[in-house]
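S.K.: Would you mind keeping the following structure in view while I ask a few things?
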Amino acid sequence: MNTETGKVYIVGAGPGSIAYLTVKGKELLTQAEVLVYDALVDSELLQLVPPNCNKINVGKRGGKPSTPQTEINQILVEKCQEGNNIVRLKSGDPFIFGRSSSEIQALIAANCPFEIVPGISSALAAPLLAGIPLTDPVLSRCFAVVTAHQPEELDWETLARIDTLSILMGGRNLAYIVHQLKRYGRSPKTPIAAIRACGTPQQEVWLGTLADIVQKTAGVSLSPVVIVVGEVVG
């Protein structure tokens, strides 16, 4: 597998369980010489790589020490220039809030070959695994996927008018999300679900409305969570 310049495969691991990894993702893992992986990937995925694979944990978790993005970019470039086949394993899909653009720009600047391998995003999978359809002929003719990591930067007036919302990284900001949606006209009776650790044995779902979901989840650490807002939750 070793080539003169190497190659980087940016692979989506899907949500939670190894069961949601794509066939191509599995094939690449079994041939990886270097694995650069995120915090939320299933530990079973690490067992798919060859015994001599160099495994590098660069996971980012809120409130905990994280590997700077510039350092991750440098690792990918250096390992590729050494002639390695590298799998950059990201939870979910690489292009849905996966910080892939920075890594790709670094690889392009260094003339390092790369390939993107899609994965199943928790924004799509979590509602399904909780029995919630994102679309419905009557209740939901459209949906939006957003990150609430910096909720003050979102256009809540527009979002409040969309049938269904799938919100990532919103656990710490649930009260703010609820406040903004009600502020811009969403009924307090609107159903809402908080789905934690989707696709894993630890998956939990809290159901409520904009009027009571904050109280129902008080004192609970929701991360990693997908929040679904809309009539389809009911």
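The values are calculated or read from the model by the stated rules, or taken from the named source; none is laboratory data. Given the structure is predicted, the values throughout are model-derived calculations rather than measurements. Quick reminder, even Gly has a Cβ in these numbers, built from the backbone with ideal geometry, and neighbours come from all protein chains shown. Please note that ligands, DNA and RNA were not included when accessible areas were found on the heavy atoms of the full protein model with its side chains. Shrake-Rupley method; radii C 1.70, N 1.55, O 1.52, S 1.80 Å.
S.K.: What number, rounded to the nearest 500 deg cm²/dmol, is the helix-based mean residue ellipticity at 222 nm of the chain, given -39500 (n - 2.57) per DSSP H run of at least four residues and division by all its residues? Intermediate values should be presented prior to the final figure.
M.R.: On the way: 7 runs with 56 residues, N = 234.
Estimated from H runs of four or more residues: -6500 deg cm²/dmol.
S.K.: Something else about it: With labels modelled as points extended 7 Å from the Cα through the Cβ direction, what inter-label distance (nm, one decimal) is found for residue 184 paired with residue 81?
M.R.: Label at residue 184, label at residue 81, 4.5 nm between them.
S.K.: So, one more: Mind telling me which of 216, 79, 90 comes out most flexible in a GNM of the chain, alpha-carbon contacts under 10 Å?
M.R.: In the Gaussian network model the winner is 216.
S.K.: Now a separate question. Under a plain spin-label model, where a point goes 7 Å from the Cα along Cα-to-Cβ, how far apart in nm are residue 153 and residue 110?
M.R.: Distance between the two pseudo-spin positions: 2.5 nm.
S.K.: If you place +1 on the Cβ of every Lys and Arg, -1 on the Cβ of every Asp and Glu, and leave all else neutral, what size is the dipole of the chain about its Cα centre, to the nearest 20 Debye?
M.R.: Details: 20 positive and 21 negative charges, 112 e Å.
The calculated dipole for the chain is roughly 540 debye.
S.K.: Translational D (Stokes-Einstein, µm²/s) of the range 165-234 at 20 °C and 1.002 mPa s when Rh comes from the Kirkwood sum over C-alpha pairs? Don't jump to the answer; show the numbers that get you there.
M.R.: Details: Rh = 11.9 Å.
Value of D from the Cα-based Kirkwood radius: 180 µm²/s.
S.K.: Run through the range 1-91 and list the GluC sites (Glu not before Pro) located in a DSSP loop whose Cβ has at most 12 other Cβ atoms within 10 Å.
M.R.: Numbers: sites: 4, 27, 33, 44, 71, 78, 82; in loops: 4, 33, 82.
When the GluC sites (Glu not before Pro) of the range 1-91 are filtered for loop state and at most 12 Cβ neighbours within 10 Å, 4 remain.
S.K.: Among 156, 206, what's the order by accessible area (1.4 angstrom probe), most exposed first? It would help to have the intermediate numbers written out before the result.
M.R.: Numbers: 156 5, 206 40 Å².
Descending order: 206, 156.
S.K.: For the range 71-199, with every protein chain kept in place, what is the accessible area per residue (1.4 Å probe, Å²)? Provide the component values of the computation, followed by the final result.
M.R.: Numbers: 6090 Å² over 129 residues.
That works out to 47 Å² per residue.
S.K.: For a Förster distance of 45 Å, can you work out the FRET efficiency between the beta-carbons of residue 70 and residue 138, rounded to the nearest 0.05?
M.R.: Numbers: r = 48 Å, r/R0 = 1.07.
Approximately 0.40, to the nearest 0.05.
S.K.: Build a GNM of the chain with springs between Cα atoms under 10 Å: which of 113, 50, 201 gets the top mean-square fluctuation?
M.R.: Looking only at 113, 50, 201, the biggest GNM fluctuation is shown by 201.
S.K.: In terms of the Cα gyration tensor, with a ≥ b ≥ c the square roots of its eigenvalues, is the range 154-195 rounded because a/c is under 1.5, prolate because a/b exceeds b/c, or oblate? Display every interim value, and only then the final one.
M.R.: Details: a/c = 1.42, a/b = 1.30, b/c = 1.09.
Rounded, since a/c falls under 1.5.
S.K.: Roughly speaking, what is the stretch gain from residue 47 to residue 218, that is 0.36 nm per residue apart minus the C-alpha to C-alpha distance, in nm to one decimal? Don't skip to the end; give the middle numbers.
M.R.: Values: separation 171, 0.36 × 171 = 61.56 nm, distance 3.66 nm.
Computed gain between residue 47 and residue 218 is 57.9 nm.
S.K.: Indicate the gyration tensor shape class of the range 105-234 (rounded, prolate or oblate), computed on the Cα atoms with a ≥ b ≥ c the square roots of the eigenvalues: a/c under 1.5 is rounded; otherwise a/b larger than b/c is prolate and the rest oblate. Don't skip to the answer; put the middle values down first.
M.R.: Details: a/c = 1.69, a/b = 1.58, b/c = 1.07.
The shape class here is prolate.
S.K.: Answer with a single label: of [x] 60, 36, 32; [y] 51, 43, 33; [z] 84, 45, 42, which was calculated as Cα extents along the principal axes in Å from the structure in view?
M.R.: Structure-derived value, by its label: [x].
S.K.: Okay, moving on. Going by Cβ distance under 4.7 Å, what cysteines of the chain have no possible disulfide partner?
M.R.: Among the cysteines of the chain, those whose Cβ sits 4.7 Å or more from every other are 53, 142, 198.
S.K.: Between 56, 96, 195, find the one with the highest GNM mean-square fluctuation for the chain; connect C-alpha pairs within less than 10 Å.
M.R.: Answer for the Gaussian network model of the chain: 56.
S.K.: Each label point is 7 Å from the Cα along the Cα-to-Cβ direction; what then is the distance between the points at residue 5 and residue 204, in nm?
M.R.: According to this spin-label approximation, the distance is 4.9 nm.
S.K.: Go through 198, 142 and list them by solvent-accessible area, largest first, probe radius 1.4 Å.
M.R.: On the way: 198 15, 142 60 Å².
Greatest to least solvent exposure: 142, 198.
S.K.: Sticking with this one: When the distances between all Cα atoms of the range 74-164 are binned every 5 Å from zero, what whole-number percent does each bin get?
M.R.: 3, 11, 16, 16, 15, 12, 9, 8, 6, 3, 0, 0
S.K.: Carbon and sulfur atoms: what percent of the 1.4 Å accessible area of the range 158-234 do they account for? The partial results should precede the final answer.
M.R.: Details: 1850 of 3580 Å².
Carbon with sulfur: 52 percent of the solvent-accessible area.
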